[in-house]
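The values are calculated or read from the model by the stated rules, or taken from the named source; none is laboratory data. This one's a predicted model, so the numbers in the text were calculated from it and none came from an experiment. Note that we place each Cβ from the backbone using ideal geometry, even for glycine, and neighbour counts take in every protein chain shown. Quick note on the areas: whole protein, heavy atoms, side chains included, nothing else; ligands and nucleic acids left out. Shrake-Rupley method; radii C 1.70, N 1.55, O 1.52, S 1.80 Å.
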Amino acid sequence: MHYSIAPSLLSANWACLGTEAQAVLEAGADLLHLDVMDNHYVPNLTVGPLICEALRNYGIKAPIDVHLMTKPVDRLIIEFAKAGASSISFHPEASDHVDRSLDLIRKHECKAGLALNPATTLDCLEYVLDKLDWILIMSVNPGFGGQKFLPSALDKIRKARALIQTSGKPIQLAVDGGIKLDNIYQVAEAGADTFISGSGIFHEKNYQQIINSFRSELNRVKK
Ligand code: DX5
Ligand code: ZN
């Protein structure tokens, strides 16, 4: 299994976002995770497509994974795709027509994902598996960085991995929230392959060191 490490820019120093993004990529991150919050679907407000475009104009070539915590989603899907997003995930509760929104993401040549809140079951995936490139399991309630990992996510990751295996589809399984050096091993063992971490990476002084340590933990997982 190939493991991907995705620093969440939410915890970066936004006064110098370009250099922060570059620094984590040079330190070995595989992609960047961009949290979009609208002060409506979640009680926090972050950024729009302008920032995604600015990162591309700055020279960021790595995949940018956009996590929409907004309601509705369709107009932003189009705008983020135009702004250079590589993958876009949204919460099924935030779209009246989940199937159509997934189609819209792929139509704009991005990978399509669904993000599942801690209380959301896997049922919503059943009839859209062939339209999914990503499943994003939230291991905190969306809206803020620096929260504690909810252990109930582990069971959900196991079930999602089984679902992906049975489907035989090449769907990535990402986990978002509270990922730190002391739990990344457990999360990988449960079946995740993509690890989104904000404060776990950006609150460290040495990005290279923490990403290397994440990788050492991942190397311990029996494949
Ligand atoms: C939370 C966001 C996460 C957040 C994770 O709503 O979706 O991506 O940045 O931050 P940490 O890793 O600090 O929990
Ligand atoms: Zn996120």
With every protein chain left in place, what is the accessible area of Ile201 in Å² (1.4 Å probe, nearest 10)? 0
Selected from His91, His108, His67 as most flexible by GNM, with the chain as the system and alpha-carbon contacts under 10 Å: His108
For the chain, return all DSSP H helices satisfying: extent of Cα atoms along own axis at least 15 Å; mean Kyte-Doolittle hydropathy at least -1.0. 152-167, 207-219
Using a Gaussian network for the chain with springs between C-alpha atoms less than 10 Å apart, which of these wobbles most: Pro92, Pro151, Pro72? Pro151
Förster-model FRET efficiency, 45 Å R0, Lys223 and His97, C-beta, rounded to 0.05: 0.75
Span from the region 129-147 Cα centroid across to the region 184-204 one, whole angstrom: 12
Rounded Å value of the spacing that divides the Cα centres of region 63-103 and region 1-55: 15
So for the chain, taking the charge dipole from beta-carbon charges (+1 Lys/Arg, -1 Asp/Glu), which of Ser213, Pro43, Ala15 sits furthest toward the positive end? Ser213
Choose one answer from Ser152, Ser197, Ser89: the residue with the largest mean-square fluctuation in a GNM of the chain with alpha-carbon springs under 10 Å. Ser152
Show which lysines lie in cross-link reach of Lys107 when reach means a straight Cα distance below 27 angstrom and same-chain residues fewer than eight apart are skipped. Lys61, Lys71, Lys82, Lys131, Lys169
With +1 on the Cβ of every Lys and Arg and -1 on the Cβ of every Asp and Glu, the dipole magnitude of the chain about its Cα centre, in debye rounded to the nearest 20, is 440
Gain in length, Leu45 to Gln186, computed as 0.36 nm per residue apart minus the alpha-carbon separation, to one decimal in nm? 47.7 nm
Rounded to the nearest 5, the percent of antiparallel DSSP beta bridges in the chain equals 5
Return the Cα extents of region 4-219 along principal axes one, two and three, sorted largest first, each rounded to a whole Å. 43, 37, 31
